[in-house]
1. Could we say that ALA56 is more than 11 Å from TYR74 (Cα to Cα) and assigned to a strand (DSSP E or B) here?
2. If you take the residues in region 103-152 that are in a loop (DSSP other than H, G, I, E, B) and touching a strand residue (DSSP E or B) at 6+ places or on another chain (Cβ under 6 Å), which one is farthest from MET88 (Cα to Cα)?
3. Can you find even one residue in region 53-66 that is under 30 Å from ARG194 (Cα atoms) and either modelled with pLDDT under 95 or out of contact with any strand residue (DSSP E or B) (no Cβ under 9 Å at 6 or more places or on another chain) (or both)?
4. For region 102-138, name all the residues that are of a type outside the set (Val, Ile, Thr), surrounded by fewer than 12 Cβ atoms within 10 Å (Cβ to Cβ) and closer than 25 Å to PRO170 by Cα.
5. Among GLU99, GLU197, which is the only one that is more than 14 Å from TRP69 (Cβ to Cβ) and either surrounded by fewer than 16 Cβ atoms within 10 Å (Cβ to Cβ) or among the hydroxyl-bearing types (Ser, Thr, Tyr) (or both)?
6. Quick test of your reading of the structure: PRO190 fulfils all but one of (1) touching a residue at least 60 places away in the same chain (Cβ under 8 Å); (2) out of contact with any helix residue (DSSP H, G or I) (no Cβ under 7 Å at 6 or more places or on another chain). Name the failing condition by number.
7. For ALA20, only one of the following conditions fails: (1) without any contact (Cβ under 8 Å) to a residue 12 or more places away in the chain; (2) touching an Asp or Glu at 6+ places or on another chain (Cβ under 9 Å). What is its number?
8. Read through the list (1) in contact (Cβ under 8 Å) with a residue 24 or more places away in the chain; (2) under 14 Å from LEU8 (Cα atoms); (3) of a type in the set (A, V, I, L, M); (4) surrounded by 13 or more Cβ atoms within 10 Å (Cβ to Cβ), then give the number of the only condition that LEU60 fails.
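The values are calculated or read from the model by the stated rules, or taken from the named source; none is laboratory data. Source: prediction; values computed, not measured. Cβ sites come from the backbone with ideal geometry, for glycine too, and all protein chains shown count toward neighbours.
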Amino acid sequence: MSAPEGRLVEAGSLSTGDLAAVRAIYEGAFPDELQAPFEDLLVDRLLVYVDADGPAGLALVRDLGPTSWTFLRYYAVGRRGRGTGSAMWADLAALLAAEGRTRLVWDVEDPDEPGLSPALVEEHRRRIVFYERLGGRLLPVREYEPPHDDGHAPRLLLMDTPLGAGDDAPLRDVVEAVFRWRYGRDASDPVVRRTLEASRLA
C-alpha cells in the first residue's frame, strides 16, 4: 500500500494537538533508555512528516558543527505498512541535499550486543535492513559506545548515506565529528580513542 501524500514541516509550525501526536509517535518508537525528554528534542531541528491524517513520522537532525554533515538523532514512523518511512526518508534526503548537506550520519543498536532478547535482536536487524534498503551504509566502526544523557552506553553501529554529490571525507573525520558535535567528546577522550583504535583509524 502506498503512503498518503505528505510533506516534511518544521515542528514549530504545528499546533499543540499535532505536537502531542508527534510526542506519542516518539515515545512509542524508542525504549525508555534511548529517549531524551521530548522537550529536549526541540533544541535540535525536529522535522515532522504530515499527511492527510496528520503527523505520521518524525526526523530529529543536528548539523555536525562546521562540517557539511548532518546527524540523525531519531527517526520514527507512526503508521507502518503504508510506505511512510520510505517516503519521509526520500523527502528528508532531498531537503538536506538542497540545503548543501553532503552526508547524513546516524547510529543504530547493535543486534550482536550480548544479553539481548531474541525479540530485540530481530528488531535491531530489521532496522538496519530498513536503512540499507534506503541506501544506508554500515560503516566499519568498532567498539562504538557513545555515552547518552543518562549515562547509559548501549553498543551501537554507525551508518551513513551520501547526500547530493556526497563527499570523500576520511572515515576518521566523520567519527570524530560525531563524537564532538553529537556527544560532546573530543578526539583526546578515552571513549573516542577506544573507538578509533578498535576501528584502525588512530
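1. yes
2. Only one residue tops the list, namely VAL141.
3. So far as region 53-66 goes, yes, one or more of its residues are under 30 Å from ARG194 (Cα atoms) and either modelled with pLDDT under 95 or out of contact with any strand residue (DSSP E or B) (no Cβ under 9 Å at 6 or more places or on another chain) (or both).
4. Selection gives ARG133 alone.
5. Just a single option satisfies the conditions, and that option is GLU197.
6. Tallying (1) touching a residue at least 60 places away in the same chain (Cβ under 8 Å); (2) out of contact with any helix residue (DSSP H, G or I) (no Cβ under 7 Å at 6 or more places or on another chain), PRO190 fails exactly one: (1).
7. Failing condition for ALA20: (2).
8. Evaluating LEU60 over (1) in contact (Cβ under 8 Å) with a residue 24 or more places away in the chain; (2) under 14 Å from LEU8 (Cα atoms); (3) of a type in the set (A, V, I, L, M); (4) surrounded by 13 or more Cβ atoms within 10 Å (Cβ to Cβ) leaves (1) as the failure.
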